[in-house]
Amino acid sequence: MRSLAGGPRQAELFGKLPSSHRTTVEPQMRRLLCSDGELQFRLRRSRRKTIGFRVDEGGLTVAAPGWLALADIEKAITSKLPWIRRTLAAWSMRSCKAANVEWQVGAEVSWLGGSIVIELQADAGHPILMIAPTDDLSSCSPSGITNQYLARDRLVLPLSSNASSDDIRLAVISWLQGEARRVFAFRLAELAPKMHLSIGQWKLSSARRRWGSCSGNGSIRLNWRLILFPMWIIDYVLIHELAHRHEMNHGTRFWALVAAACPQWKLAERWLKSEAPKILGVSYD
Ligand SMILES: [Zn+2]
């Protein structure tokens, strides 16, 4: 396990191992099949009296007393699963960040689950999205799109060829946020009536870890970064927050409403845990 000094803060649920109890035995890699998929972890046996969980850039390490049966250790892991998954996702998001994409001509940007290539054209006037004609965007037909014979989808930004990477990043993010506003409005108008709701109040958010939220008065906040993800994921988050207008909890009735509007909600939840951090590895801040 890494030292705390200088590095990012470690997430640890239980107390640390007293130094006199440290052992030099190499931890053992193990796998556990959980309700939401496989979980890999290192198991470190020692003379400690309690089970400890630690998540860092190397993944999950479980420290357990030498005498404790594996089944009991696995039971303890299962009971801490939501915390473990959350903390692993946060770490993978952070470590992806280190490998920042360079904001320059030719950079690839995620958009609705696909990617677009950045180009600059000083006299473009406004950002122009140029879609390769093979793409099927039938569920979303934005205005102002130019169809030409292109190998790839391209986003032409109205910037001169010597624009700084910061200028490019800000122009891309502002375009993506505009797209988020447009696409979410379009999907809310479609989904809300099916759930016997009006579109109601909603806003974009820039939350670090939350995809959406719904307040007591029914006002919905949607993370603009959802625009990077495929439409079925966006739809799931919209349906989830809309369902909170009927049920302000995560009870059985809530999930029944979600499942009726979005039968693939479990897949979407899993996708958000496993795939979203990879896409967010490009620093869309
Ligand atoms: Zn919820």
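Brief remarks on what is shown
- Computed over the range 108-279: relative contact order in percent, which uses C-alpha pairs under 8 Å that are six or more apart: 19 percent
- Across 49/75; 80/203; 49/273; 80/266; 203/273, pairs whose alpha-carbon gap is larger than 27 Å: 80/203; 49/273
- Neighbour net charge for residue 219 - beta-carbon separation under 13 angstrom, K R +1, D E -1: +2
- Working from label points 7 Å from Cα in the Cα-to-Cβ sense, the residue 185 to residue 70 distance is 5.7 nm.
- For residue 47 and residue 248, the FRET efficiency from 1/(1 + (r/R0)^6), where r spans their Cβ atoms and R0 equals 51 Å, is about 0.60.
- Under the Debye formula (equal points on every Cα, no solvent term), log10 I(q)/I(0) of the range 108-279 at q = 0.11, 0.14 Å⁻¹: -0.51, -0.78
None of the figures in this text is laboratory data; all of them are computed from the coordinates on show. Since this is a predicted model, take the numbers as computed values, not measurements. Cβ: placed from backbone, ideal geometry, glycine included. Neighbour counts: every protein chain shown.
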